[in-house]
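Asks: Once you've had a glance at the structure underneath, I'll fire off some questions.
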Amino acid sequence: MVTAPPLTPTFLLGLTALAVLLYDSVWPDSSDASVLAGISVIGSLASLGTAGWFLSADTGLATEGISLYADAVVVDGMSLFFTALFAAVTILVALAAYDYFDDGNRGELYGLVLLATTGMSLMASANSLATAFVALELVSLPSYALVAFLKDDRGSSEAGLKYFLIGALSSAIFVFGVSLIYGATGSLLLPDVAAAFESGLGGRTGIAGVGVLMVAGGFLFKTAAVPFHFWAPEAYEGAPAPVSAYLSSASKAAGFALAFRVFVVGFPLGAATSAGIDWALLFQVLAVATMVLGNFAAATQEKVKRMLAYSSIGHAGYVLIGLAAISAEASTNGDVMGAAMAHLFVYGFMNTGAFLFVALAENWGVGRRFEDYNGLGAEKPFAAVAMTAFLFSLAGVPPLGGFFSKLFLFAGAVEAGLWWLVVIAVINSSLSLYYYSRVVRAMWFEEGEHDLGATPTALYAALAIALVGTVLLLPGFGPVIETAQEAATALFA
Amino acid sequence: MNPWIAIGALALVAVGIPVAMMVVSALLRPSVPEQGKSAVYESGEIPTGTTRIRFNIQYYMVALLFVVFDIETVLIFPWTVIYRPALEGGASMMEVLAPMLVFIGVLVVGLVWAWRQGAVQWVSSPRALEEKTEANQ
Amino acid sequence: MLQAETPLPDLLANLLGLGGVGVVGAFVAALLASIIVGNVMLAMTGVAGPWAKRKITAKFTDRIAADRIGPKGLGTIPADALRLLSKELIVPEGADRPAWDVAPLIVAGSAMLGFAVIPMGSGIQLADPEVGLAYVFAVASIASLGMVMAGYASNNKYSMLGALRAVAQNLAYEIPLVVTGMSVVLFTGSLRMSEIVAVQQETLVSIGGLAIPSWFAIVNPFAFVLFLAANVAEVGRNPFDIPEAPTEIVAGFQTEYSSVYFVLLYLGEFLHIFLGGAITAVLFLGGAAGPGPESIGFLWFVVKIWAFFLFTQWLRSAAPRLRIDQLIEVGWKGMLELSFLNLVLTALIVGVVV
Amino acid sequence: MIIETLIGFTFVAALVTFLVPDEVANRVGAALSLVPLVGTLWMWTQFDGSGNALTGGTLSFETKFDLLTLSGYQVQWFTGLDGISLPLVVLTAFLTTLAIVSAWTPIDTRQSQFYGLMLFMEANLLGMFTALDFFVWFVFWEATLLPMYFLIGVWGGPRRKYAAIKFFVYTNVASLLMFVGFVALTFGGLGDSIDTLALPEVAMALNAGGNVSSFMGLAPDTLKLAAFLAMFVGFAVKVPVAPLHTWLPDAHVEAPTPASVMLAGVLLKMGTYAMLRFNFTMLPDVAGDLAVLIAALGAFSVIYGAILALAQEDLKRIVAYSSVSSMGYVLLGLIAYTEFGVAGATFQMIAHGLISGLMFMAVGVIYNTTHTRMVGDMSGLADRMPVTVGIFVAGAFGYMGLPLMAGFAGEYFIFVGSFHSTVIPSAPLFTAAAMFGIVIVAGYLLLAMQRTLFGPFSLDADYEVGPAPFHDVAPLAVLLLAVIALGVAPDLFLDMIQNAIAPLVGGGA
Amino acid sequence: MVPIEYYLVLSAAVFSIGLYGLLTRENALLFLMSVELMLNAANINFVAFSVQWGNLTGQVMSLFVMGLAAAEVAVGIGIILVLYRNFNDVDVTLPQSMRW
């Protein structure tokens, strides 16, 4: 079956990052980034391909997964699924960055993106809270720098600062939570932590409860969910658009990947609930708060990028259903979590695509407000069609990938008996159609005059790939959801 | 006996002796306050401007580089300690050595990159810069 | 074994019968031992700073120095001490007071703290914790904090520059120093100072009945040279006396200091030289080992650290000072790579040998 | 696989048309649209199905394979044709081609996008009428709305943005309601007794009776009622049934003519088609209970639409409101649950599709020439553009149900059927009310035409008025021929329709 | 042996001080210091619990935390430097070019 090391996809990403840095070391003054972009894309493609190959070869899907390094890392369907997602988003971002940052040297940019992707892939594989923390930081640190990448831009540096401040705070909270979990259970390995939970924690439930809460805080930051969402609008708006795309899809997915594994494997709900730590309830509340806040705030925005930022918070709320709808013994847990994973996958394409269009608009020098997009449909039909598809998919309008993933997610929640949650989610989803369609209206229905430059090839290519991804996920949704649900179900085994 | 008791005691002594010297000096020395004396020394000129000057960014770059590398040495320490016992315990050399080679390899890549990006290049003279850009054209 | 099985405080406790009094007794014994060690070291620096330094430099430059007071000018030592202590303390305008006051304490204190784990032979070792080597590196590098505080708090541009340069230099050479030190640990498999010394007592080869001990200076001369260089930089002596660089920035971070504060900074620097020598001796020169009975180990130890002192003074006369950019280049582009190389090579050698 | 091939081809055709230059897009679009037209006509000739698709009849051109699993339900790709869907599929392909040709004159900007969207809509409509799995059907159903949204919003009149949004919001909310109703019924009510959401399976499970369980605290009967109402309201918006029709006049007035043709000709039929498939086939007993309400709504739509038409000055608005009126008959015919009623209603969908298409197209041609649609602004157009006016008048007669025209057959059957209905209480009363409506609308239509088309020529604006170009008139002529052909020989479709609805009226109420 | 609760109280106190500083200070550098405090509170826990449980996991983890804290500071200071260049201040409440 598998003849390469199980962590090959992760290794490939890391090696690509080193290759980029090496290339940049050898030719530090080269102002042509095509080689850098090429290395990044090829490396990510290789990683994506390997992950796909492993997935199709059923690595660890049927079994418990392959544990490595004294159980600190596990490779299973879920980690491969997410790694494929991260690699795909990285390809898009690497292509987009080629045109977006058109001055000077970009070695550090590609290096940072690839390192962060490596970290994300590791997050998806983490089977120990120590690995989780290290991987989380490996994602966060490059992200901070990426957000502040435009050194002379006030918005970018402000965004970087805010992202960093809240990031530092939340990672401190996370690690303190981990220390409490360690205190309560005596181990950082998730299976051992779970065993301690199962055996009743020996009267240390108080510490464990605070610890679980704090660990959840760390994930909520990474996924831009309430109450750690403050950074998201600022960071996404101020950051260079490809970076916003990267953060809002890949980074968010990574947070969820880790949260899924830590909570499901590490803090089994049945044992946790009997110890008074009902985290599913916590996530139910947070899911509602997050989606309501994200969608309502998005509806009041005047700038496209900021609207997308808030809508990204809203989507975090939907995905949180994947955790909220878990119950101790239900056989449907795998289905709903798999649906959440599939939604993240689809989201990876459509949301990245939407931000890439914003990148394109910034590249053209079009403004940031809704009105500034007026008439783009007539002037650049292809890009506008792509954007329209992304937005409608984000809204969950049926013919597109976003509809299916939301449908499966909500169906899973209904099966788990969370009718009220689904009702709120559907109302939110309908509201989202309103603000997404504002962009569509501006692009197609309004008249506008722009002095648009050439069409940047790589950005267009990225946009096209994202579009193909979004559209192909309609007929190709079957394998995605099946893989996701199978992987998620294996987690509950 | 716990060795840290002795270390604590030495810490007391290490602070105590200088403090004692200060006390002795305070008893001995005169105090003749005078305006001119307390002016900061600037080659005898009247001090200009503030001391909080902007200094070369390279100091900062070096400090950053250090922060990263110094912490990495912390992670190498445990490895050096167990290296020989592990080998004597029967582990093969590659098994013990390879992870650290990878670790150091990654570090070296980072160092080389920083080096080539000019993180440790103290002076970049305009002439050198000019030559560099010309060579690239 | 040259090492006393029991560290000095225990010895004292037993001698004075304090062993039975519990923690308090132990503390009293430790305090006594600390006072002994601290004063011995201070005495050495007292000799070295005002007198030996001048004498040595004078020899190198074929001059006569310090010959007015006492035989061979030895009376200079108490005279200087009294002179400096009774000088007026001038506080510069705009000094950042607490920091400015504390800086000398840190510089002097950190050096002295380092001696806690050094086995000086003849049973003189205050403490022997498991992590001795890490401890001594950690404590020694606190001094740069003191230098920055001194430089920053003085409100003087020269001081500020000196402080910055001190930091840059310490940072650049700290890592090679520690990494090279770790290559020794690869042999010993322990960070305990007494272990490190003990491992070096084994005979490496016998040449004509003369047993050559496996001092790491002999086993791994490459590491020794690296360590020596990094150590000289770390204690800020020529050719690495960038932080003070009297001909460039007056006196660096200590420009604005006078009276007892200056004495403390000055003493602290000399203590650091001796601490550097002590670390070198322990890591590479077999600690207090030498011909003769174990009880004179302390003498050998003193010889070794004085040898290091002599070496620094020789460099002071012989070597020109590097420019700051050269210093950084040598540190980051040369020493660091070499020290990593050394680490890997040592690991390979150990692997092959074991 | 012929259905899939046609749908796939049409999608590709849409993409190709989207990418060709504007100058050639009209011809490319028209040429490509011929392929699905020919394909559907061929399917018509080869049609060999019998019975109703949802009650175990034999399907023609059936394709079925598994796609994925959703919460325990197998989602299938399941398409096929029966006597109800085939005529609608033919109508779709036929009207699309004609609408594309009729767009050559009025659409003068962003042509490639326009024709691309038309073909995209056609592809989705074909999928919608052939799909027999709920999810696949729903995807196509919703996807049909998107192109219309853009067609109205981009190429429409002065208030196009408002109209597009209104259309979009109305239809989307309706879809959501319908979706919730259906899902509650199947997921909750049928529970584990089915393992796919294929429409035949759902319909048969429901009609088998007695196996609906209570859900969310709703008793089985209440659940069925709630689901019926949710679906009915959802579809009624599409039809539209008064009082849920308010989006329609706006959309029609603002939409460019070809889009109006598609909207009135095909998109309105989606609502009645879905009502027939879902409400009246799956829950006939509930429908029977609500018959009086539904019949009243149908009659109300007829009269209300007619009266509103009376008050209009805009030709397009008149036609639009008369559509509301016409769809009222269809509803009335469907609820009658007699062979004549349901078959007539189904036939009327086709007939009305053709005739309203014709009317809108004719109004469009006039507008192209005169740049106004206001009744008071012009008169005596017959002198200047006789052919167009002739066809227009003929179409209006068709609307009134003149014998030998398609409208006659449909309306006649509907009235006969509803008159004899045993399901609707006091059926003759409703029938008479509806018949009254037809008189109003026909009368007013003729009056308006009289004022605009005949008499001495005058025009408020300063435009040269002459005969319309050939490619404007040709679609009108073709449509008129089709209307007459169906009027003369209704059996072209009526046989298969009757065959398909027979199981419904046999087992109804 | 000092009871484990004492360490917990100590670390909680350090954590709270850090949190307090972080919420009340406006200077970015003080903010960084506060975060360091919070991280080191976690380190106290790790080391104390490591002794308590008799395994080395906690000590190793504290090394990781230290390393990553240093890296975080490195990145943070870089960002603050950029911020200073753009806004001429290190007050974290000052940049408000994107208020909602």
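Asks: What lysines could a cross-link reach from A:Lys305, if we take a straight Cα to Cα line under 18 Å and drop same-chain neighbours fewer than 8 places away?
Replies: Leaving aside lysines fewer than 8 places away in the same chain, those within reach of A:Lys305 are A:Lys162, A:Lys252.
Asks: Roughly how tilted is helix D:220-238, in degrees to the nearest 10 and between 0 and 90, from the longest Cα axis of chain D?
Replies: Taking Cα atoms only, the helix is inclined about 10 degrees.
Asks: Shielding of C:83-94 by partners, i.e. mean partner chain Cβ atoms within 10 Å per residue?
Replies: Mean inter-chain Cβ contacts per residue within 10 Å come to 5.
Asks: Next question, about the same structure. In a Gaussian network model over chain C where Cα atoms closer than 10 Å are linked, find which of C:Ala166, C:Ala211, C:Ala150 has the largest mean-square fluctuation.
Replies: C:Ala211
Asks: Run the quick spin-label model on D:Val173 and B:Gln35: label points 7 Å from Cα toward the beta carbon, then report their separation in nm to one decimal.
Replies: The two pseudo-label positions are separated by 8.3 nm.
Asks: Please list the non-local residues whose amide H lies under 5 Å from the amide H of C:Leu204, H modeled 1.01 Å from N, same-chain partners needing a gap of 5 or more.
Replies: Here the answer is C:Ile212, C:Ser214, since their amide H atoms fall under 5 Å of that of C:Leu204.
Asks: Okay, moving on. Going through the DSSP H helices of chain C, which span 20 Å or more along their own axis at the Cα atoms while scoring at least 0.5 as a mean Kyte-Doolittle hydropathy?
Replies: C:22-47, C:97-114, C:157-188, C:259-284, C:297-318, C:336-353
Asks: For chain A, which span is the longest to avoid every loop-located (per DSSP) member of GluC sites (Glu not before Pro) having at most 16 other Cβ atoms inside 10 Å?
Replies: The answer is A:65-301.
Asks: Give the residue list of trypsin sites (Lys or Arg not before Pro) in region C:140-203 that are DSSP loop and have at most 15 other beta-carbon atoms within 10 angstrom.
Replies: Filter output for region C:140-203: empty list.
Asks: Say the cut-off is 21 Å between C-alpha atoms; which of A:Lys380/D:Lys316; D:Lys64/D:Lys269; D:Lys166/D:Lys269; A:Lys380/D:Lys166 go over it?
Replies: A:Lys380/D:Lys316; D:Lys64/D:Lys269; A:Lys380/D:Lys166
Asks: Taking 25 °C and 0.890 mPa s as the conditions, I'd like the Stokes-Einstein D for region A:277-426 in µm²/s, using the Kirkwood hydrodynamic radius from alpha carbon pairs.
Replies: Taking Rh from Cα pairs, D becomes 153 µm²/s.
Asks: Here's another thing I want to ask about it. May I ask you to derive the relative contact order of chain C, considering only C-alpha pairs under 8 Å and at least 6 residues apart, and to give it as an integer percent?
Replies: 24 percent
Asks: Just grab the label-to-label distance for B:Ala63 and E:Asn55, each label 7 Å out from Cα along the Cβ direction, in nm (one decimal).
Replies: 4.0 nm
Asks: Under 14 Å Cα-Cα from D:Lys224, which aspartates and glutamates qualify once same-chain neighbours fewer than 8 residues away are excluded?
Replies: Candidates past the 8-residue exclusion: D:Asp285, D:Asp289.
Asks: Name the long-range amide H neighbours of D:Leu67: under 5 Å, sequence gap of 5 or more, or other chain; modelled H, no Pro or chain starts.
Replies: Here D:Val75, D:Gln76, D:Trp77 satisfy the definition.
Asks: Please report, largest first and rounded to whole Å, the three semi-axes of the ellipsoid equivalent to the protein assembly as shown, where each semi-axis is the square root of five times an eigenvalue of the C-alpha gyration tensor.
Replies: Output for the protein assembly as shown: semi-axes of 85, 34, 26 Å.
Asks: As I understand it, the value is the acute angle between the Cα axis of helix D:315-336 and the longest principal axis of the Cα atoms of chain D; what does it come to in degrees, rounded to 10?
Replies: Computed tilt is about 30 degrees.
Asks: Give the separation of the Cα centroids, region C:260-317 to region D:319-352, in Å.
Replies: 109 Å
Asks: Just to be sure I understand the model, the point goes 7 Å from the Cα along the line to the Cβ. What's the resulting B:Glu45 to C:Leu341 distance in nm?
Replies: Label at B:Glu45, label at C:Leu341, 4.5 nm between them.
Asks: For region D:165-171, in order, what is each residue's ³J(HN,Hα) by Karplus, 6.51 cos²θ - 1.76 cosθ + 1.60 with θ = phi - 60°, in whole Hz (x at glycine and Pro)?
Replies: Once rounded to whole Hz, the list reads 5, 4, 4, 5, 5, 4, 5.
Asks: Let me ask you something else. Test of understanding: ordering D:Phe419, C:Phe115, D:Phe436 by Cβ neighbours within 10 Å, fewest first, what list do you get?
Replies: D:Phe436, D:Phe419, C:Phe115
Asks: Given the rule -39500 (n - 2.57) for each run of at least 4 DSSP H residues, summed and divided by the residues of the protein assembly as shown, what is its mean residue ellipticity at 222 nm, to the nearest 500 deg cm²/dmol?
Replies: Rounded to the nearest 500, it is -23500 deg cm²/dmol.
Asks: Hey, another quick one. Hey, which lysines would be in cross-link range of C:Lys72, C-alpha to C-alpha under 22 Å, not counting anything within fewer than 8 residues on its own chain?
Replies: C:Lys53, C:Lys55, C:Lys59
Throughout, read-outs are computed from the coordinates displayed, never taken from laboratory work. The structure displayed is predicted, hence computed values, not measured ones. Virtual Cβ from ideal backbone geometry, glycine too; neighbours counted across all protein chains shown.
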